[in-house]
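Peer 1: Dropping a structure here in structure tokens format, bear with me for questions.
The values are calculated or read from the model by the stated rules, or taken from the named source; none is laboratory data. Since we're looking at a predicted model, the values are computed, not measured. Here the Cβ positions follow ideal geometry from the backbone for every residue, glycine too, while neighbour counts run over all protein chains shown. Note: areas computed on protein heavy atoms with side chains; ligands, DNA, RNA excluded. Shrake-Rupley method; radii C 1.70, N 1.55, O 1.52, S 1.80 Å.
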Amino acid sequence: MEMLAVFPPLLAFLVAGLFGRQIGDKGCQFITCAAVIMAALTSVTLFSSVILNPDVMTDHSYTTVLARWIESGSFKVDWSLRIDQLSVVMMCVINIVSACVHVYSIGYMSHDPAKGRFMAYLSLFTFAMLMLVTSNNLLQLFFGWEGVGLASYLLIGFWSHKESANAAAQKAFIVNRVGDFGLALGVMGIFALFGSITFDDIFSDPSQYAETMMNFLGYKVHALTTICLLLFMGAVGKSAQLGLHTWLPDAMEGPTPVSALIHAATMVTAGVFLVARFSPLFEYAPFALSVVTLVGALTAFVAATIGMTQFDIKRVIAYSTMSQLGYMFFALGVSAYGAAMFHLMTHAFFKALLFLGAGSVIHAMSDEQDMRNMGGIKDEIPMTYALMWIGALALAGIPPFAGYYSKDIILEAAWADQSGIGHFAFWMGIAAAFMTAFYSWRLLFMTFHGKPRASAEVMDHVHESPFVMIGPLVVLAAGAIFAGHLFYGGFVGSAYEHHSEIHEAVRAGMEHGSGPEEEKPADLTESLKQDAKAFDVTHEPEPEEADSETAEILKQSVQKQREGGRPFDTGINAWSRQFFWQNAIFVREQNDTLEAAHGVPSWVKLMPLIVGVLGIALAYLGYIVQPGLPAAIAASVRPVYQLFFNKWYFDQIYDSLFVRNAMRLGRVFWRFGDKEFIDGLGPDGFAWLSRKTAGCFSRFQSGFVYQYAFVMMIAVVAMISWMVFRVEPALGNKPVDPPAAIVAPANQPMEEMQP
Amino acid sequence: MMPPILSIMIILPLVCACMITLVRGETGDEPIVEKNVKHIALFGSLFVLAFALFMIANFDKSSADFQFVEKFSWFTLAGLNYHLGVDGISVYFILLSALLTPVCILASWNSVHMRIREYMIAFLVLESLMIGTFSALDTVLFYVFFEGVLIPMFLIIGVWGGPRRIYASFKFFLFTLLGSVLMLIALLALYVKTGTTDIPTLMHATTDLEFQRWIWLAFFASFAVKMPMWPVHTWLPDAHVEAPTAGSVILAGVLLKMGGYGFLRFSLPILPLASMYFAPLVLTLSVIAIIYTSLVALVQEDMKKLIAYSSVAHMGFVTLGIFSFTQQGIDGAIFQMLSHGIISAALFLCVGVVYDRLHTREISRYGGLVKNMPNYATVFMVFMLGSVGLPGTTGFVGEFLTLVGTFQASTTFTALAATGLVLGAAYMLLLYRKVVFGPQVNQDAAEMQDLSRMEKIILIPLAVAVIYYGIFPAAITDKITPSTQELVDHYRLSHQPLSFNEASLDGLRDHKQKEAEGS
């Protein structure tokens, strides 16, 4: 079953990649689309069997071992597929979006000469991504991790005759490698600490290492914090978080379907998945979680500021992606893993929709990407226009679209974390929400409204995209509309069945009791637990049992309800987080911000919506009512605008700091280190020395007879005088050793005269 | 009764070389003579390959002992024996030598015309000596083979090389000879001290640290040059640039591995105390090699030079793994050597493919080859990714295992070495981008033909091997691990066991201090 969800894309890649010329473009398109659609259907089936099954009590996750991979002493790694709640959610997202993108590509790439190759790469990507999410050990995850990097590299540089595309592809790979450097060290650290890199071994009981210190780079450091930060470094690279984000905007050089699939919906969310997968470790590394929150919050904010100023339609959406990923990360950082996964899923739908919609616009505008050259096309391509609206509404978090549910719960959880860093993330997120709404409608207004700014020739060609492109958009739009409402309970709902009553009680208790300062999350969950127990006690008379884990209480309460004849509603509305995620995500009780998020004050709940509407209003004012306004504002805060417009100068700084210095260092090492120093002192130096010495000696062999004769004469004189002097002291009874110095030069010429 | 398979593999190429000298023809028959010579060389080396495969198939993977042992008295007076045998450490190197020789002969099939007879003889003799080196179990025998390798290689570079071949071949010779002389002294000293030249016996001889240090340094001089390690690596780029394609293939593919093999065969088992004493030195040099040569590779304009520098960096991982003294490190080092043997050999072949067409190795003379040479671009990409160490290729397995092993010994060195992951990607992708991608600026490069059938026959199996053994490396490591396990155990026996916390470099230092205080 799980094989059917993972391997068809690989087969399709092999067939289309190796025999593309034999089966033709049509064949390639058919086989890749069929394979991915099959994988998508299978993953939905898996989803229902693992998560949607009637027997919510049992954990239906399992692992299938395929083959041995690397084995060296205690380092043992298998190829295996791990099917649990986290991986099936990812598989569904990946396969559904990928299927949409595959079909869409048939239309979008219809003018390209290398259609078969493009489809093959897309399938390769899908396979690598599936391997990433279904792995049961860190090394296979790394395989998928780098595999998607390779596919991304190939697809960004797909139009390889464009130098800019090649540069972007290379940049993406190398910047990702910087993150992988951290990830690889994290894997090694985990092996050193746990003696295994298989998930089952790592997650069985990480609490035993909660206090362990390890020696890292010569310092004694907290082991789990170090490992988590190293893993997070990998996530920062792959998910384009602040610091290693510079590749993502450049990656827009690739064809638009690639941007939708890889650089919006799936690959860039791998980092989020990684952190969620390692929740059992991150939960014991509070400092690492704070770093995740901080980086996520800053990314959400910075990316949004840049997004407001860009003119390339794809780059605006790219910065928006980066910003939304920031939301996911600070959700992870406050332990709201479910919320991060929820936003990951809804975002996959609406962002793929936006990208493909943008692709449809670009297609219609004869490959124009600059929004300054668009405008006034909403009546020409009404379908695309409507679909883009849906995507934008979901992105801005307007109810009842999907983004509303997921973004709100993230912000609520950040606030409910009740820590300084949580509040920081909350306010950053609110600011970003405002900007998100603004740039989304700026994009809509600039692209579709106003007077046409493109040439008449281009405007003549503007046409609605064919069905093969619009069809997938409709599927994604359905996701962008319904996914939020439908999955809210399961992904982020309260773990308690009667949570609304409990929360009501807790809030009442808070208002009556101590002041707001004491609203610590620990207290909140503690009181929740108390209440749950109290609620439970009505059915459960044994207090010993009820004292144990919350999950245990719930299980029993559900059991009771069943026995008591009150049917437990297994419909979608009754989903609770506990039964949805089971053991796939681990949250320590004092960190359960998702539970606390359901009890936040109403202004926190309303805030994102209010700023969203304000953002739309501002965009309406600036781009419809008063078109001169944006330029005026930009001029009045010129330095700030320049900072945003130039992307906070990250590229320039990195280029001068790393790229140029690496090149300079390379040249110095080569020219000076190798040639001058090592060779100069080594072989060349010796050669020079021996030539020099030989040169000295060769002067003796001048070939002139008179010189030889002269030397001979001197030698004879020397010899005679030596003998005389040698005899003389002997007469005077003075034993003196023959001075060797005289002998040598005397003999030298004699010898050298021969041949 | 097993036939004396190792001797057969050593002698067979020599017999073929003799046969080649007998091939004669009238004037005007040169093409026929040439063809016969090539065929003798090819089939001879293919027979050796068949024997090597037979040997691998019959290799008992449950045993760490030497297998296929042949031993008889040679110079009774001095106690020298003709002693051959293989264990898990050496067996795949023999296969690698046997595999790459026919590859080299095929690669020269249409590109070498001058003195073809001598050329083939040189390669056959080289094959015989390489197999001898990896199977000799007697120090004198080992020395003869190890040094003998120099001569055909020297000739291959010096006679069939490029314009600066004399400089390159002398540089190669001088560097290597410098180390060899010291190794000879070390071998003599070992003989004087222990009274034996038998390697298995020497492994169990115990000598004091002071003596070991001197011997170790002498061995190190030889092996470090062969690896090559920084700073005695400068002969390699020159040798590669000037050598003909097949020469580069065998140089990068097999000859560089002799240094690493030497460390595993001599330094670690025979001189364990000194190995630990000098480990920080080796680790430091390895890390310098990785970072330094990667940066140098980044700015190269000559394709072969770039790959040559990348070889030095990759060999840095090998020494790193060996001197981590962990099972993963040593397994990884051996695997990395085998993987590099295939990948770098193939990369040089890839350079050879375009060099044969355009007669230049300058990177800027190419560009946009993916248009007119799609098959070439695909194959080249596989090897490029292998060199980068992408998971799913053999390059990853070796590199990662060495780092896993090193991490347990020292996190600092591991972190520094792991920068090679980034730098390695940088220079290889840069090379690939400039040669294969981009606009087609040079007309003559844009008109080059895609891979010929011969080139496909050579390159595609290598590409398949890189991927296959990247996905199922256990097929190889299963045969290696018993021997490395034994090596690590043996090494550990000579020291106190290292626990994880102790095993950092600080741990090493503490350990040595304790030792000094104890003695």
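Peer 1: Taking segment B:47-69 as the region of interest, how many residues are in a helix (DSSP H, G or I) and open to solvent by 70 Å² or more (accessible area, probe 1.4 Å)? Give the steps one after another, and end with the answer.
Peer 2: Step one: of segment B:47-69, the residues in a helix (DSSP H, G or I) are B:47-57.
Then drop every residue that is not open to solvent by 70 Å² or more (accessible area, probe 1.4 Å), which leaves B:47, B:53-54, B:57.
Residues in segment B:47-69 being in a helix (DSSP H, G or I) and open to solvent by 70 Å² or more (accessible area, probe 1.4 Å): 4 in total.
Peer 1: A further question follows. Determine whether segment A:215-224 contains at least one residue that is touching a residue at least 60 places away in the same chain (Cβ under 8 Å), within 14 Å of chain B (Cβ to nearest Cβ) and farther than 26 Å from A:PHE586 by Cα.
Peer 2: no
Peer 1: Kindly indicate whether A:LYS647 is surrounded by 11 or more Cβ atoms within 10 Å (Cβ to Cβ), away from every other protein chain (no Cβ under 11 Å) and either more than 26 Å from B:ILE291 (Cα to Cα) or touching a residue at least 40 places away in the same chain (Cβ under 8 Å) (or both).
Peer 2: yes
Peer 1: Starting from segment A:143-162, take each residue that is at the interface with chain B (Cβ under 7 Å from one of its Cβ atoms) and list its partners that are part of a helix (DSSP H, G or I) and of a type in the set (Asp, Glu), counting only C-beta distances under 7 angstrom and pairs at least six apart or across chains.
Peer 2: What qualifies is A:GLU146/A:ASP180.
Peer 1: Any residue in segment A:4-32 that is among the hydrophobic types (A, V, I, L, M, F, W, C) sitting within a Cβ distance under 9 Å of a residue that is open to solvent by 90 Å² or more (accessible area, probe 1.4 Å)? List the pairs, counting only those 6 or more apart or interchain.
Peer 2: Pairs that qualify, where the first residue is among the hydrophobic types (A, V, I, L, M, F, W, C) and the partner is open to solvent by 90 Å² or more (accessible area, probe 1.4 Å), are A:LEU4/A:LEU41; A:ALA5/A:LEU41; A:ALA16/A:ARG117; A:ILE23/A:PHE30; A:CYS28/A:PHE19; A:CYS28/A:ARG117; A:ILE31/A:LEU11.
Peer 1: Something else: Condition check: open to solvent by less than 70 Å² (accessible area, probe 1.4 Å), farther than 30 Å from A:GLY391 by Cβ and either of a type in the set (S, T, N, Q) or at pLDDT below 80 (or both). Does A:THR593 satisfy that? Before you say what the answer is, go through the steps one by one.
Peer 2: Values: open to solvent by less than 70 Å² (accessible area, probe 1.4 Å): yes; farther than 30 Å from A:GLY391 by Cβ: no; either of a type in the set (S, T, N, Q) or at pLDDT below 80 (or both): yes.
Taking the combined requirement at face value, the residue does not satisfy it.
Peer 1: Still on this structure, please answer the following. Residue pairs, Cβ under 6 Å, 6 or more apart or interchain, first in segment A:374-394 and open to solvent by 10 Å² or more (accessible area, probe 1.4 Å), second in a loop (DSSP other than H, G, I, E, B). List them.
Peer 2: A:GLY376/A:GLY450; A:GLY376/A:LYS451; A:GLY376/A:PRO452; A:GLU380/A:VAL462; A:MET383/A:GLU464; A:TYR385/A:LYS378; A:LEU393/A:PHE401
Peer 1: Which condition does B:PRO439 not pass, out of (1) facing chain A (nearest Cβ under 9 Å); (2) without any contact (Cβ under 8 Å) to a residue 40 or more places away in the chain; (3) over 20 Å from B:MET315 (Cα atoms), if it passes all the others?
Peer 2: With respect to (1) facing chain A (nearest Cβ under 9 Å); (2) without any contact (Cβ under 8 Å) to a residue 40 or more places away in the chain; (3) over 20 Å from B:MET315 (Cα atoms), B:PRO439 is out only on (2).
Peer 1: Please indicate, with yes or no, whether at least one residue in segment B:404-415 is at the interface with chain A (Cβ under 8 Å from one of its Cβ atoms), of a type in the set (Phe, Trp, Tyr) and surrounded by 23 or more Cβ atoms within 10 Å (Cβ to Cβ).
Peer 2: Within segment B:404-415, one or more residues are at the interface with chain A (Cβ under 8 Å from one of its Cβ atoms), of a type in the set (Phe, Trp, Tyr) and surrounded by 23 or more Cβ atoms within 10 Å (Cβ to Cβ).
Peer 1: Out of all the residues in segment A:303-315, is one or more aromatic (Phe, Trp, Tyr) and either under 22 Å from A:ALA416 (Cβ atoms) or open to solvent by less than 10 Å² (accessible area, probe 1.4 Å) (or both)? So that I can check it myself, show each step before the final result.
Peer 2: Filtering segment A:303-315 for residues aromatic (Phe, Trp, Tyr) gives A:311.
So of that shortlist, the ones also either under 22 Å from A:ALA416 (Cβ atoms) or open to solvent by less than 10 Å² (accessible area, probe 1.4 Å) (or both) come out as none.
No; the residues of segment A:303-315 include none that is aromatic (Phe, Trp, Tyr) and either under 22 Å from A:ALA416 (Cβ atoms) or open to solvent by less than 10 Å² (accessible area, probe 1.4 Å) (or both).
Peer 1: Right, B:PHE472: buried (at least 24 other Cβ atoms within 10 Å of the Cβ), at the interface with chain A (Cβ under 8 Å from one of its Cβ atoms) and not hydroxyl-bearing (Ser, Thr, Tyr) or not?
Peer 2: no
Peer 1: Can you spot a residue in segment B:27-41 that is within 30 Å of B:ALA474 (Cα to Cα) and in a loop (DSSP other than H, G, I, E, B)?
Peer 2: no
Peer 1: Among the residues in segment B:340-349, are any within 13 Å of chain A (Cβ to nearest Cβ), on the phi < 0 side of the Ramachandran plot and within 24 Å of the chain's Cα centre (by Cα)?
Peer 2: Step one: list which residues in segment B:340-349 are within 13 Å of chain A (Cβ to nearest Cβ), which gives none.
There is no residue in segment B:340-349 that is within 13 Å of chain A (Cβ to nearest Cβ), on the phi < 0 side of the Ramachandran plot and within 24 Å of the chain's Cα centre (by Cα).
Peer 1: I'd like the full set of residues that are touching a His at 6+ places or on another chain (Cβ under 9 Å), more than 14 Å from chain A (Cβ to nearest Cβ) and surrounded by 14 or more Cβ atoms within 10 Å (Cβ to Cβ), limited to segment B:158-208.
Peer 2: Residues satisfying the conditions are B:THR197, B:ASP198, B:ILE199, B:PRO200, B:MET203.
Peer 1: Still on this structure, I have one more. Can you tell me how many residues in segment B:350-386 are open to solvent by 20 Å² or more (accessible area, probe 1.4 Å), in a helix (DSSP H, G or I) and away from every other protein chain (no Cβ under 14 Å)?
Peer 2: 5
Peer 1: A further question follows. What's the total number of residues in segment A:66-99 that are within 13 Å of chain B (Cβ to nearest Cβ) and in a strand (DSSP E or B)?
Peer 2: Number satisfying all stated conditions: 12.
Peer 1: Continuing with the same structure: Could you check segment A:261-333 for helices (runs of 4 or more DSSP H) lying wholly inside it with 3 or more residues that are more than 18 Å from the chain's Cα centre (by Cα)? First the steps, then the outcome.
Peer 2: Details: elements: A:270-277, A:279-282, A:286-307, A:313-333.
Where helices (runs of 4 or more DSSP H) fall fully within segment A:261-333 and carry at least 3 residues being more than 18 Å from the chain's Cα centre (by Cα), they are A:286-307, A:313-333.
Peer 1: To continue, here is another question. Working only within segment B:9-26, note down all residues that are among the hydrophobic types (A, V, I, L, M, F, W, C) and either part of a loop (DSSP other than H, G, I, E, B) or touching a helix residue (DSSP H, G or I) at 6+ places or on another chain (Cβ under 6 Å) (or both).
Peer 2: B:MET9, B:ILE10, B:LEU12, B:LEU14, B:CYS16, B:ALA17, B:MET19, B:ILE20, B:VAL23
Peer 1: Looking at A:ASN137, A:ASN166, A:ASN176 in this structure, which one is more than 11 Å from chain B (Cβ to nearest Cβ) and either surrounded by fewer than 24 Cβ atoms within 10 Å (Cβ to Cβ) or touching a helix residue (DSSP H, G or I) at 6+ places or on another chain (Cβ under 7 Å) (or both)?
Peer 2: None of the others qualify; the one that does is A:ASN137.
Peer 1: In segment A:658-701, what residues are more than 14 Å from every other protein chain (Cβ to nearest Cβ) and open to solvent by 90 Å² or more (accessible area, probe 1.4 Å)?
Peer 2: Scanning segment A:658-701 gives A:LYS692, A:PHE697, A:ARG699, A:PHE700, A:GLN701.
Peer 1: Can you list the helices (runs of 4 or more DSSP H) lying wholly within segment B:239-338 that have 1 or more residues being more than 14 Å from chain A (Cβ to nearest Cβ) and touching a Pro at 6+ places or on another chain (Cβ under 8 Å)?
Peer 2: Those helices (runs of 4 or more DSSP H) span B:257-262, B:303-322.
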